[in-house]
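Reviewing the structure listed below.
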Amino acid sequence: MGKVLTIHGGVPLKGKVTVRGAKNLVPKAMVAALLGDCPSVLRNVPEIKDVAVVTSLLKIHGVTVTKDEATGDLTMDPSGTKTATSNEIDTHAGDSRIPILFCGPLLHSLGEALIPNLGGCKIGDRPIDFHLDVLRHFGAEIDKAGPFGTTIRAPHGLTGAKISLPYPSVGATEQVLLTAVRAKGTTELENAAVEPEILDLISLLQKMGALITVGRDRVIRVTGVEKLKGYNHKALPDRNEAASWASAALVTKGDIFVEGAIQRNLTSFLHTYRQIGGEFEVTDDGIRFFHPGGELKPLILETDVHPGFMTDWQQPLVVALTQASGVSIIHETVYENRFGFTTALVEMGARVQLHSECLGAIPCRFGQRNFKHSAVITGPTPLTGADIDIPDLRGGFSHLIAALAAEGTSHVTGIELINRGYEKFMEKLTGLGARVEMNELASSL
Ligand code: EPU
């Protein structure tokens with residue numbers, strides 16, 4: 001039976017939260033363990049659903065995954081890597097988007113990879129055409145005909161290639177890295193994504209013995225090697241979770257110290273935070289985010305690839321902008337359909353209008369195509385509690401902070417989605433002083 005979270009709003013969140021390894025790095029680092037010829041150790045691993053999903057995927061492929069119960073560190077031994085059965089694969093259909101990244105490592109070890117139908121947040125079509133094109137460049141053959149997903153084979157091995165991405169996709173860049181490191185010869189990737197999580201993945205691949213350079217203008221070059229060893233790596237902390245708690249502090253007029261937040265990975269977020277009237281203090285251990293009093297200011301903002309303002313920071317920030325005095329405009333240029341969450345905010349009292357025009361200057365792939373990817377937010381508007389069903393990870397977090405700031409009581413379902421990316425979420429909320437209760441669905445509504 002599902003759960004319902006009851007939130008009594010109006011309490012400023014105050015205290016400390018700790019962010020651990022990034023959701024957008026840790027599962028990929030776990031996949032990289034398949035490339036080694038001896039065990040890898042990953043530290044700073046959060047207890048989130050995506051880690052559980054990838055642990056299970058590794059296990060069905062014969063990797064021994066051992067968790068140190070005291071620290072949470074994972075040791076992954078790929079020496080028994082084997083082909084998983086289609087039934088085993090099928091149990092992971094719709095769980096996450098990470099399975100597509102198993103292709104390169106499995107093709108190197110086994111010559112074949114069976115990938116389940118993918119899941120992940122519903123924030124647009126989320127195609128995998130770049131991934132499949134990349135794999136074809138390396139010489140892989142793709143067969144989508146199977147009932148359980150896609151089979152990919154490399155009967156003649158994988159060979160390095162010159163590849164240019166149509167868009168600096170995070171996942172497709174990771175696909176290239178995880179495939180090129182053991183492919184024959186050299187790979188050159190143009191228009192690569194260079195998010196901090198990608199640079200951290202490169203760091204751990206380098207520890208394994210990979211030959212990688214990151215050049216000017218988003219060009220990554222990899223010289224394939226025959227063998228890689230295991231790594232011992234501490235995952236970089238989750239900057240998206242940090243930004244979410246920062247917005248929660250602002251929206252609830254609170255004061256939250258985010259232990260583990262790293263300034264250099266949040267530069268454009270911090271700049272924006274200060275522009276709209278939030279304040280922060282950077283220390284060696286983390287960043288304190290707080291509402292310094294006074295009015296919040298509206299702004300014009302476009303999401304972009306790194307080092308721009310990240311798409312995953314947009315949704316919690318929109319809630320803060322509903323409390324700013326004036327009109328804000330946000331142009332979402334990474335995903336075509338990432339404003340669905342604003343419907344619930346409007347039900348709570350926010351004034352948000354969505355437009356299909358590009359309200360911004362960044363060249364965007366979604367103009368003139370009927371995607372409501374620009375938002376005009378007029379504030380300040382008081383928010384009142386509501387019944388909300390969470391649509392996706394970041395949109396869901398934004399609903400929660402709206403409910404935490406709102407007058408009255410909200411009931412939130414679909415809360416399981418939050419566990420995909422926010423570790424010990426309930427514990428953290430309670431620790432910050434939120435008035436929240438979790439109940440079984442039937443008994444409370
Ligand atoms: N795209 C394609 N074809 C592809 C791949 C991507 O058209 O084959 C498009 C996407 O539809 C999107 C754009 O390219 O419009 C960028 O997608 P990207 O590949 O960069 O995203 P991703 O790798 O699927 C990761 C994160 C997302 C984050 C994006 C952008 C993980 C597991 N997910 O997704 O995180 O928003 O990069 O930085 O790393 C989240 O944390 O809530 C989340 C959605």
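Estimate the FRET efficiency between Leu354 and Thr267 by the formula 1/(1 + (r/R0)^6), using the beta-carbon distance for r and 22 Å for R0, to the nearest 0.05. Intermediate values should be presented prior to the final figure.
On the way: r = 28 Å, r/R0 = 1.29.
Efficiency at R0 = 22 Å is approximately 0.20.
Would you work out the relative contact order for region 1-85, in percent, from Cα pairs under 8 angstrom that are 6 or more residues apart? Write down the numbers at each step before the final one.
Working: 101 pairs, mean separation 24.5, N = 85.
Dividing the mean separation by the residue count of region 1-85 yields 29 percent.
Inverting the mean 1/r over all pairs of different Cα atoms, compute the Kirkwood radius of region 13-123 and quote it in Å. Present the calculation step by step, with values, prior to reporting the outcome.
Numbers: mean 1/r = 0.0688 Å⁻¹.
This gives a value of 14.5 Å.
Which value in Å is the Kirkwood Rh of region 301-445 over different Cα pairs? Can you show the working numbers first?
Working: mean 1/r = 0.0627 Å⁻¹.
One over the average 1/r among Cα pairs gives 15.9 Å for region 301-445.
Can you work out D for region 73-231 in µm² s⁻¹ from Stokes-Einstein, where Rh is the Kirkwood radius over C-alpha pairs, the temperature is 25 °C and the viscosity is 0.890 mPa s? List each step's numbers first, then the result.
Details: Rh = 16.0 Å.
The Stokes-Einstein estimate is 153 µm²/s.
Per-residue counts of other Cβ atoms within 10 Å, averaged by peptide: what ranking do you get for 260-269, 74-83, highest first? Write down the numbers at each step before the final one.
Details: 260-269: 19.3, 74-83: 17.2.
My ranking of the peptides, most packed first, is 260-269, 74-83.
As a test of the definition: which semi-axes, in Å, follow for the chain when you take the square root of five times each eigenvalue of its alpha carbon gyration tensor? Largest first, please. Let's see the in-between values first.
Details: eigenvalues 280, 110, 88 Å².
One finds semi-axes of 37, 23, 21 Å for the chain.
Do any GluC sites (Glu not before Pro) in region 188-226 lie in a loop, going by DSSP, with at most 10 other beta-carbon atoms within 10 Å of their beta carbon, and if so which? All intermediate terms of the calculation are to be shown ahead of the outcome.
Numbers: sites: Glu188, Glu190, Glu197, Glu226; in loops: Glu226.
Listed in order of number, the matching sites are Glu226.
Run a plain Debye calculation on region 1-55 (Cα atoms as equal point scatterers, no solvent) and give log10 I(q)/I(0) at q = 0.18, 0.19 Å⁻¹, rounded to two decimals, same order as the q list.
Debye intensities relative to I(0), on a log10 scale: -0.77, -0.81.
How much net charge surrounds Ala70 when only other residues with a Cβ under 14 Å from its Cβ are counted (Lys, Arg +1; Asp, Glu -1)? Please report the intermediate quantities before stating the final value.
Numbers: positive: Arg43, Lys67; negative: Glu47, Asp68, Glu69, Asp73.
Result for the local shell: -2.
First select every other residue whose beta carbon is under 10 angstrom from the beta carbon of Pro116; then total the charges, Lys and Arg +1, Asp and Glu -1. Could you put the intermediate results ahead of the total?
Working: positive: none; negative: Glu88, Asp90, Asp95.
The answer is -3.
Find how much the distance from Asn232 to Arg435 grows on full extension, using 0.36 nm per residue of separation minus their present alpha carbon separation; answer in nm with one decimal.
Details: separation 203, 0.36 × 203 = 73.08 nm, distance 4.00 nm.
That pair, Asn232 and Arg435, stretches by 69.1 nm at full extension.
Quick one: length gained pulling Val282 to Asn117 fully straight, 0.36 nm per residue minus the C-alpha distance?
Here the answer is 55.2 nm.
What is the sum of charges, Lys and Arg at +1 and Asp and Glu at -1, for the other residues whose Cβ falls under 11 Å from the Cβ of Ser203? Walk me through the intermediate numbers first.
On the way: positive: Lys207, Lys234; negative: Glu197, Asp200.
Local charge sum for Ser203: 0.
At 222 nm, what helix-only mean residue ellipticity would the chain give, in deg cm²/dmol to the nearest 500, using -39500 (n - 2.57) for each DSSP H run of four or more? Kindly include the intermediate steps, with their values, before the conclusion.
Values: 14 runs with 128 residues, N = 445.
Here the helix-only value at 222 nm equals -8000 deg cm²/dmol.
So what's region 284-336 giving for Cα Rg divided by 2.2 N^0.38 Å, two decimals? Could you put the intermediate results ahead of the total?
On the way: Rg = 12.8 Å, N = 53, 2.2 N^0.38 = 9.9 Å.
Expressed relative to 2.2 N^0.38 Å, the Cα Rg reads 1.29.
Out of all DSSP beta bridges with both ends in the chain, state the antiparallel percent to the nearest 5. Please report the intermediate quantities before stating the final value.
Working: 55 of 77 bridges.
Just about 70 percent of them are antiparallel.
Can you say what percent of the DSSP beta bridges in region 116-265, counting only those with both residues inside, are antiparallel? Round to 5. Before the final figure, lay out each step's value.
Working: 12 of 16 bridges.
Rounded to the nearest five, the antiparallel share is 75 percent.
Tell me the Kirkwood hydrodynamic radius of region 144-237 in angstroms, computed as one over the mean inverse distance between distinct C-alpha pairs.
Numbers: mean 1/r = 0.0709 Å⁻¹.
When all Cα pairs of region 144-237 are included, the Kirkwood radius is 14.1 Å.
Roughly what % antiparallel, to the nearest 5, for the DSSP beta bridges in region 254-407? Before the final figure, lay out each step's value.
Working: 20 of 26 bridges.
Percentage antiparallel, nearest 5: 75.
In whole Hz, what ³J(HN,Hα) sequence does region 348-355 give by Karplus (6.51, -1.76, 1.60; θ = phi - 60°), x for Gly and Pro?
7, x, 6, 10, 9, 10, 9, 9
Could you compute the FRET efficiency for Ser56 and Glu295, with r as their C-beta to C-beta distance and R0 at 41 Å, rounded to 0.05?
Working: r = 49 Å, r/R0 = 1.18.
FRET efficiency, Ser56 to Glu295: 0.25.
Throughout, read-outs are computed from the coordinates displayed, never taken from laboratory work. For clarity, every value in this text was computed on a predicted model and none was experimentally measured. Heads up, the Cβs are rebuilt from the backbone with ideal geometry, glycines too, and the neighbour counts pull from every protein chain shown.
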